[in-house]
Amino acid sequence: DAGVIQSPRHEVTEMGQEVTLRCKPISGHNSLFWYRQTMMRGLELLIYFNNNVPIDDSGMPEDRFSAKMPNASFSTLKIQPSEPRDSAVYFCASSLEHRGNYGYTFGSGTRLTVV
Amino acid sequence: LAKTTQPISMDSYEGQEVNITCSHNNIATNDYITWYQQFPSQGPRFIIQGYKTKVTNEVASLFIPADRKSSTLSLPRVSLSDTAVYYCLVGPGGKAAGNKLTFGGGTRVLVKP
């Protein structure tokens, strides 16, 4: 298994541009999570899906952020318009719900820089 | 979710045993204790999970006292490659609704030659 695959690995964009981050979870996993990591705030949960349905998006910073999961093998996190304070590493993780905390697998992350 | 408290950083030397203690005074009956490891430029990686007493795998051991208000992750004979941030998490295990992981600040372990 290739694990959780995120793309791109690095993204540099100008303020005001739209940014789309992509994630392919592990086949068979039914929960997907988007996290953001910064030095100041650590790892923050943004949103998570269960069986492709968003369950909790309370961590999404504001309306500029949106996430979708059109099918079990793909999810996107979109920022429109992007701002310099959105610069961070964004991680996607997937798990099997019945395994509780045990089965989280993280991707390698997307390092986003907004200039 | 139960709040966790762990040291911000620890230094050690190659070949030594590293013990990281995490406090979780408000742990609930159905909560499990899980530890993750994060290397620079990588996502967190599951190390070990336990509910009570002792759990051991090829990477680490997890010691949980009877009152479960704390836990200790033990890394035997560390090497330079064990330099990482270690996170202690407490939350519902099994098939629990709203099963999401909340990370604290973690413990930054530096292994020196």
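Observations on the model:
- Listed by Cβ neighbour count within 10 Å, with the fewest neighbours leading, B:His24, A:His29 appear as A:His29, B:His24.
- For chain A, the spherically averaged projection of the C-alpha convex hull amounts to 6.7 nm².
- Order of B:Glu17, A:Glu62 - criterion: other Cβ atoms within 10 Å of each residue's Cβ, fewest first: A:Glu62, B:Glu17
- Normalising by residue count, the range B:1-75 has a Cα convex hull of 109 Å³ per residue.
- For residues of B:34-43, the mean tally of beta carbons on other chains within 10 Å: 4
- Ascending count of other beta-carbon atoms within 10 Å, so fewest first, for B:Thr53, B:Thr21: B:Thr53, B:Thr21
- Restricting the calculation to Cα atoms, the protein assembly as shown shows an Rg/Rh of 0.98 when the hydrodynamic-style radius is the Kirkwood one.
- Placing dummy labels 7 Å off each Cα toward the beta-carbon, the span from B:Asp67 to A:Ser73 is 5.2 nm.
- With a Förster radius of 25 Å applied to the beta-carbon distance between A:Asp56 and B:Tyr51, the computed FRET efficiency rounds to 0.55.
- Debye equation applied to the C-alpha atoms of the range A:1-68, log10 I(q)/I(0) at 0.12, 0.14, 0.21 Å⁻¹: -0.37, -0.50, -1.11
The numbers here are math on the coordinates, done by the rules we state, and not lab data. For clarity, every value in this text was computed on a predicted model and none was experimentally measured. Positions of Cβ are backbone-derived with ideal geometry, glycine not excepted, and every protein chain shown enters the neighbour counts.
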